[in-house]
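As structure tokens, the structure follows; a few thoughts come after it.
The values are calculated or read from the model by the stated rules, or taken from the named source; none is laboratory data. Here the structure is a predicted model, which means the values were calculated and not measured. Positions of Cβ are backbone-derived with ideal geometry, glycine not excepted, and every protein chain shown enters the neighbour counts.
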């Protein structure tokens with residue numbers, strides 16, 4: 001499940017008021033989430049959760065669920 005905190009961070013980085021993000025949502029499905037804004041999303045998530053992602057970790061992300069699981073792993077959440 002996507003936390004509201006992650007959802008709001010992503011939407012804020014993309015300057016969207018609302019969007020139905022699910023674990024299966026991919027970047028091309030979300031308005032404005034192009035390769036340039038992908039960097040903004042990653043930076044916003046790193047800042048919000050005080051984590052750092054390795055390049056390989058970022059490249060492996062396929063959807064929002066993958067990003068949530070990566071954040072959870074960095075924070076030691078089950």
Taking the range 3-15 as the region of interest, how many residues are touching a helix residue (DSSP H, G or I) at 6+ places or on another chain (Cβ under 8 Å) and surrounded by fewer than 16 Cβ atoms within 10 Å (Cβ to Cβ)?
3
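Find the residue count for the range 53-77, including only residues that are without any contact (Cβ under 8 Å) to a residue 12 or more places away in the chain and assigned to a loop (DSSP other than H, G, I, E, B).
The total comes to 5.
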Residues within the range 23-50 that are surrounded by 14 or more Cβ atoms within 10 Å (Cβ to Cβ), in contact with a helix residue (DSSP H, G or I) (Cβ under 7 Å, 6 or more places away or on another chain) and either part of a helix (DSSP H, G or I) or in contact (Cβ under 8 Å) with a residue 24 or more places away in the chain (or both), tallied:
11
Meets criteria (under 20 Å from residue 1 (Cα atoms) and either under 12 Å from the mean Cα position of the chain (by Cα) or modelled with pLDDT of 95 or more (or both)) for residue 65:
yes
